[in-house]
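This report refers to the structure that appears directly beneath it.
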Amino acid sequence: MAIRVTVWNEYRHEKKNPRIAQIYPDGIHNAIAGALRQAGYEVGTATLDEPEHGLTDEVLARTDVLTWWGHMAHREVQDEVVLRVQRRVVAEGMGLIVLHSGHLSKIFTRLMGSSCNLKWREVGEKERIWVVETGHPIAQGLPEYIELEHEEMYGERFDIPAPDTLVMCSWFQGGEIFRSGCCYQRGRGRIFYFRPGHETYPTYHNSLVQKVIANAVAWVAPVGGPANNFGKKQPLEPIGER
Ligand code: ZN
C-alpha cells in the first residue's frame, strides 16, 4: 500500500503577494504534493484557513507522513491541533517533515524543546547543499551536492538539539554554513528538517529538492512496530516466592 502523505501549508504568502503567486500559482503545498504523487505516494493537502487547519483526527488517522511549511502565521496555529500532531508523531509513529521557515513552527519547537532560532538574510544568494551522510536513505540517488542559484540564507548557530543524523549541510555565498538536513527520532516517530524553500524562489520546483523530500517521506514513514503497552501487568512466567 502506498504511503499516505498530507502536505500542510500555511498558504498566506501566495494569496497576498502576486510575485509569490506567480511562482506557486496553486500554493507551495500543491507544488510539493504534485512532486510526491509523481514519486508514487498517495497525497492530500491541508492549509491553515481550513477548519481545524485541515488536520482533523480523521485526516491525521489516515496520514502516515505529514509535511509542514509555515512562516508568517505560526502563532495562528491552534495549540489543540499542535498537540494532536505531536501525539500522532510521538505516541503513534506518524512521520513529520518540517520545511524551511517551519523551524519556528509550534510543532517543531515543541518536538525539539529549544528555540530553533537561527541567523538569516534575504539577498538571493547561492546555496550549496552538501550531502554529508552519503549512505543514508535520504541521500539515495542524490549528487554530491545540490546548488540553488538563489535562496534565503540561514546560518549557524541553529538552536536545535544535535540531530541523531545530519544528512546535509549548506554553504552560502555570504560565508555562513547551516545544518540543513537533520534527522530525529521522538518516541515512535521520525522527524526530518529540510532547510531550503523560501517562498520568493522556485525551490520546490527543483527536481533534486523534490527528490530529497520524496526520499524523506520513505524514511520518516511509520515502521509498524508493536503498539505501546503501558500499565500494571501480570507476569508472563510463574514467579516462585522468595
Ligand atoms: Zn524564508
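The values are calculated or read from the model by the stated rules, or taken from the named source; none is laboratory data. Predicted, not measured: the structure shown is a model, and the values here were computed from it. Here the Cβ is made from the backbone with ideal geometry for all residues, glycine too, and neighbour counts use every protein chain on show. These area figures cover heavy atoms from the full protein model, side chains too; ligands, DNA and RNA do not enter into them. Shrake-Rupley method; radii C 1.70, N 1.55, O 1.52, S 1.80 Å.
Of the residues making up region 87-129, those that are within 16 Å of the ligand (Cβ to nearest atom) and buried (at least 17 other Cβ atoms within 10 Å of the Cβ) number 13.
List the residue pairs whose Cβ atoms are under 6 Å apart, where the first residue sits in region 187-205 and is farther than 22 Å from ARG37 by Cβ and among the aliphatic types (A, V, I, L, M), the second is more than 9 Å from the ligand (Cβ to nearest atom) and assigned to a strand (DSSP E or B), and the two are 6 or more positions apart or on different chains. Hits for this filter: ILE191/LEU96; ILE191/TYR184.
Tallying residues that are surrounded by fewer than 20 Cβ atoms within 10 Å (Cβ to Cβ) and in contact (Cβ under 8 Å) with a residue 40 or more places away in the chain within region 148-159 yields 2. For region 187-242, the set of residues classified as assigned to a loop (DSSP other than H, G, I, E, B), within 16 Å of the ligand (Cβ to nearest atom) and closer than 29 Å to ALA2 by Cβ consists of ARG195, PRO196, GLY197, GLU199, PRO202, ASN206, listed by residue number. Restricting attention to region 171-179, does a residue exist that is free of Cβ contacts under 8 Å to residues at least 40 places away in the same chain, open to solvent by 40 Å² or more (accessible area, probe 1.4 Å), among the hydrophobic types (A, V, I, L, M, F, W, C) and more than 14 Å from the ligand (Cβ to nearest atom)? Yes: one or more hits. Quick one: is ALA162 of a type outside the set (S, T, N, Q), closer than 30 Å to GLY187 by Cα and open to solvent by 30 Å² or more (accessible area, probe 1.4 Å)? Yes; evaluated as a whole, the condition is true for this residue.
Filtered by the rule that a residue be more than 14 Å from the ligand (Cβ to nearest atom) and over 22 Å from CYS182 (Cβ atoms), region 63-86 gives ARG75, GLU76, GLN78, ASP79, GLU80, VAL81, LEU83, ARG84.
If the condition is being touching an Asp or Glu at 6+ places or on another chain (Cβ under 9 Å) and farther than 18 Å from LEU111 by Cα, then region 63-75 contributes MET72, ALA73. When each of VAL167, VAL220 is tested for being out of contact with any Asp or Glu (no Cβ under 7 Å at 6 or more places or on another chain) and of a type outside the set (S, T, N, Q), the lone residue that passes is VAL220. Those strands (runs of 3 or more DSSP E) of region 1-101 in which at least 2 residues are over 19 Å from GLY197 (Cβ atoms), considering only elements entirely within it, cover 42-47. Of all residues in region 150-164, those satisfying the criterion of being within 18 Å of HIS100 (Cα to Cα) and away from the ligand (no atom under 16 Å from the Cβ) are GLU156, ARG157, ASP159, ILE160, PRO161, ALA162, PRO163. As a summary of the residue check, GLU144 satisfies the conditions (1) more than 13 Å from the ligand (Cβ to nearest atom); (2) more than 18 Å from the chain's Cα centre (by Cα); (3) in contact (Cβ under 8 Å) with a residue 24 or more places away in the chain except for the one numbered (3).
Contact map, region 18-29: first residue touching a residue at least 12 places away in the same chain (Cβ under 8 Å), second residue of a type in the set (Lys, Arg) and open to solvent by 40 Å² or more (accessible area, probe 1.4 Å), Cβ cut-off under 9 Å, separation 6 or more or different chains; pairs are GLY27/LYS15.
Being surrounded by 16 or more Cβ atoms within 10 Å (Cβ to Cβ), touching a residue at least 60 places away in the same chain (Cβ under 8 Å), away from the ligand (no atom under 13 Å from the Cβ) and within 27 Å of ASN17 (Cβ to Cβ), is that true of even one residue in region 132-140? The answer is no; no qualifying residue exists. Pairs are defined by a Cβ separation below 6 Å, a sequence spacing of at least 6 or placement on different chains, a first member in region 80-101 that is under 17 Å from ALA227 (Cα atoms) and in contact (Cβ under 8 Å) with a residue 60 or more places away in the chain, and a second member that is open to solvent by less than 20 Å² (accessible area, probe 1.4 Å) and assigned to a helix (DSSP H, G or I); the pairs so defined are ARG88/LEU60; GLY95/VAL220.
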